[in-house]
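The values are calculated or read from the model by the stated rules, or taken from the named source; none is laboratory data. Please read all numbers here as calculations on a predicted model, not as lab measurements. Virtual Cβ from ideal backbone geometry, glycine too; neighbours counted across all protein chains shown. Ligands, DNA and RNA are excluded from the accessible area calculation, which covers all protein heavy atoms including side chains. Shrake-Rupley method; radii C 1.70, N 1.55, O 1.52, S 1.80 Å.
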Amino acid sequence: MSNLTELSQRGSAARPLRVAVIGSGPAGVYAADILTKSEQVKSGELVVSIDLFDRYPAPFGLIRYGVAPDHPRIKGIIQALHKVMDRGDIRFFGNVDYGTDLTLADLQKHYDAVIFATGAIDDAALNIPGIDLKGSFGGADFVSWYDGHPDVSRHWPLEAKEIAVLGNGNVALDVARVLSKHADDLLVTEIPENVYAELKKSPVTDVHVFGRRGPAQIKFTPLELRELSHSRDVDIILYPEDFEFDEASDEAIKTNNQVKTMVGTLTNWLVEQPEESTASRRLHLHFLHNPVEILGENGEVTGIKFERTELDGTGNARGTGEFLEYPVQAVYRSIGYFGSALPEIEFDAGRGVVSNAGGRVLGADGEHTPGIYATGWIKRGPVGLIGHTKSDALETVTYLLEDLAELPFAEAGAEDAIVNLLEERGVEFTSWDGWHALDAHEKSLGESFDPSTLGLELTRERVKVVAREEMVNISRAINAEV
């Protein structure tokens, strides 16, 4: 078939529109799903063939490697993503790294359109003195460790008795909850064995969570906040002087049910807390604290210094000139994620996103690079919940469909062409069937867990595999079966 004939048939059963999605977290899966459910596809006007790539052997991105294992919403989100992928109309290629195993030229040769959904995995910077001291950590790095990320060390230095967590978002609460929770109480989750062993040895007694603004400006969700009170033998400590409300706070409480609920929860905890803590561990929630310096001796963290803040009437905070110091031996900054640049793609280093207009990726000249799109956090920055991710993907896919007539033509558009290329390069890619094999293996590890060896009574649904090589071997073993 000549290129001219194939071009005329593109989008038909004879030559489906070939689309690659880079990243298999919610953003990537939703984009692929929305494209398959578009009116053009449902009506038969357009036929699409979608391949989903991920640098990790397993799918789901930050849902697998960026959410605390005891978070109750994980299962629901993963089940929804599973349902999409189990349909069989979207192929999965795991353990394939864009920029290493595949270049932009490779993708453009094999696909008519490419959607980048690579997310954001790095910690946002906090430029204060002492940030590089030993004992100063990025919260995102810690999350990757306790979630069993295959590319991080199996060891984490849990040596501090007193810890500061900087941030008032859900990730900060996840970090604080995991640090303060007893390791035995996390065994009902999928945490890897090395994570349990290190958390078990942690000498922590006090975890302090600090936010710059007041209780009405926190970025937690009510569910995340309530989860704090479920930790066994951990007292929540609040401070009356931190409960300041300005005109903007009062308005938010009146008009926003989520803010009203969270302020009510915090206020109740403050009123009801006992005069003395009886638990072996304490989780302190502080507001109106702006970090100005991490203190240290001999290159190690010994404390942290804050400027006390006050609300300015608009819900924002300003300094008061009063400074406070807290003795801590570790500091975790959880002030947000930040996107990483992608090879050969224009990057907005100030915002941590690829340069784009509504999902259309822009080149150095500010014009849309034909056939290249973005969605999710790498498109809009690390803000918003799952609902935002869906609407974001819809916007991107809508633009892609509007651009059908202008999409470049992939000269190697056959579905087996990309498989042949990866095999020729010796890339040990994993498949969706391979994920099912890994999923079954992790569940079998949970079933074989014997809690009596630890003097406990519990069941484990699964135990996460950490080592990349092991994940790949388990996932690819299914391909060797006859």
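Which number comes out as Rg/Rh for the range 242-294 once both Rg and the Kirkwood Rh are worked out on C-alpha atoms? Don't skip to the answer; put the middle values down first.
Numbers: Rg = 14.1 Å, Rh = 13.4 Å.
Over the Cα atoms of the range 242-294, Rg/Rh equals 1.05.
Suppose every K and R has +1 on its Cβ and every D and E has -1 on its Cβ; what is the size of the dipole of the range 332-482 about the Cα centre, in Debye to the nearest 20? Numbers along the way, then the final one.
Values: 13 positive and 26 negative charges, 165 e Å.
Computed about the Cα centre, the dipole is about 800 debye.
Across the alpha-carbon atoms of the chain, the computed radius of gyration and Dmax are 24.4, 82 angstrom.
Size of the range 190-300 from its Cα atoms: along the principal axes, largest to smallest, the extents are 46, 35, 31 Å.
With q set to 0.13, 0.28 Å⁻¹, the log10 of I(q)/I(0) for the range 193-257, from the Debye formula over equal scatterers at the Cα positions, is -0.54, -1.36. Are there GluC sites (Glu not before Pro) in the range 248-339 that DSSP marks as loop and that have at most 15 other Cβ atoms within 10 Å, and which are they? Passing both the DSSP loop test and the Cβ count: E275, E276. Once C-alpha pairs closer than 8 Å and six or more residues apart are averaged by separation and normalised to the residue number of the chain, the relative contact order reads 21 percent.
Rg over Rh for the range 1-135 works out to 1.09, using Cα positions for both radii and the Kirkwood form for Rh. Using the Stokes-Einstein relation with a Kirkwood hydrodynamic radius computed over Cα pairs, the translational diffusion coefficient of the range 291-450 at 20 °C and a viscosity of 1.002 mPa s comes to 100 µm²/s.
Report, in listed order, any pair from K37/K379; K109/K390; K200/K260; K181/K464; K200/K443; K42/K443 with a Cα-Cα distance greater than 31 Å. Write out the running numbers ahead of the final one.
Numbers: K37/K379 22 Å; K109/K390 28 Å; K200/K260 37 Å; K181/K464 19 Å; K200/K443 23 Å; K42/K443 36 Å.
Distance filter (> 31 Å) returns K200/K260; K42/K443.
Extents of the range 383-427, taken as max minus min of Cα coordinates on every principal axis and listed largest first, are 40, 29, 14 Å.
Where Rh is the Kirkwood radius over the Cα pairs of the range 94-176, the temperature 20 °C and the viscosity 1.002 mPa s, what D in µm²/s does Stokes-Einstein return?
Reported coefficient: 134 µm²/s.
Each DSSP beta bridge with both residues in the chain is either parallel or antiparallel, and the antiparallel ones are about 35%.
Ignoring ligands, DNA and RNA, please state the percent of accessible area on the chain from carbon and sulfur, probe 1.4 Å. Walk me through the numbers on the way to the answer.
Working: 10500 of 21140 Å².
Of all accessible area on the chain, carbon and sulfur atoms account for 50 percent.
Residues in the range 102-110 carry Karplus couplings, in order, of 9, 9, 4, 4, 4, 5, 5, 6, 9 Hz; the curve used is 6.51 cos²θ - 1.76 cosθ + 1.60 with θ = phi - 60°, and Gly or Pro positions show x.
Phi angles of the range 314-320 translate, via the Karplus equation with coefficients 6.51, -1.76, 1.60 and θ = phi - 60°, into HN-Hα couplings of 9, x, 8, 10, 10, x, 10 Hz per residue; Gly and Pro are given as x.
The three principal axes of the C-alpha atoms in the range 358-438 carry coordinate ranges of 36, 33, 23 Å, sorted with the longest axis first.
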